[in-house]
Amino acid sequence: MPKMKTHKGLRARVRVTRTGKVVRRKAGKSHLMGGKSGKRCRHLGRQTVVEGKFAKITIRKLARG
């Protein structure tokens, strides 16, 4: 059976930490910032951890697991 290929679009959007967690950026920070509060903008700028079933699927598509 051939090796699984990495999903290139996903590789550009997420990364796997050394402990195996999947980290992604939050959506909604690209434009229309005037209508959002400063607190909301700050929190959108942070990274978040992908959890549960989605993390397993993500790692599989990144061909690491």
Q: Report, ordered by the first and then the second residue, all pairs with beta carbons closer than 9 Å, sequence separation of six or more or different chains, a first member in the stretch 10-27 that is under 13 Å from residue 62 (Cα atoms), and a second member that is in a loop (DSSP other than H, G, I, E, B) and small (Gly, Ala, Ser).
A: 20/65
**Q.** Members of the stretch 28-53 that are free of Cβ contacts under 8 Å to residues at least 12 places away in the same chain, of a type in the set (A, V, I, L, M, F, W, C) and surrounded by 11 or more Cβ atoms within 10 Å (Cβ to Cβ)
**A.** 33
Q: Would you tally the residues in the stretch 1-26 being exposed (fewer than 12 other Cβ atoms within 10 Å of the Cβ) and among the hydroxyl-bearing types (Ser, Thr, Tyr)?
A: 2
(Q) One residue is enough: does the stretch 54-64 have a residue meeting the conditions assigned to a helix (DSSP H, G or I), of a type in the set (S, T, N, Q) and modelled with pLDDT under 95? (A) yes
(Q) residue 61 - would you say it is at negative phi and free of Cβ contacts under 8 Å to residues at least 40 places away in the same chain? (A) no
Q: Please state which of the following conditions residue 3 fails to meet, knowing it meets all the rest: (1) touching a helix residue (DSSP H, G or I) at 6+ places or on another chain (Cβ under 9 Å); (2) in a loop (DSSP other than H, G, I, E, B).
A: (1)
**Q.** Leading residue by the ranking (surrounded by the most Cβ atoms within 10 Å (Cβ to Cβ)) among those in the stretch 55-65 that are of a type in the set (A, V, I, L, M, F, W, C) and out of contact with any strand residue (DSSP E or B) (no Cβ under 8 Å at 6 or more places or on another chain)
**A.** 57
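The values are calculated or read from the model by the stated rules, or taken from the named source; none is laboratory data. As the structure is a prediction and not an experimental result, all values here were calculated from the model. Using ideal geometry, Cβ is built from the backbone for each residue, glycine included, and neighbour counts are taken over all protein chains shown.
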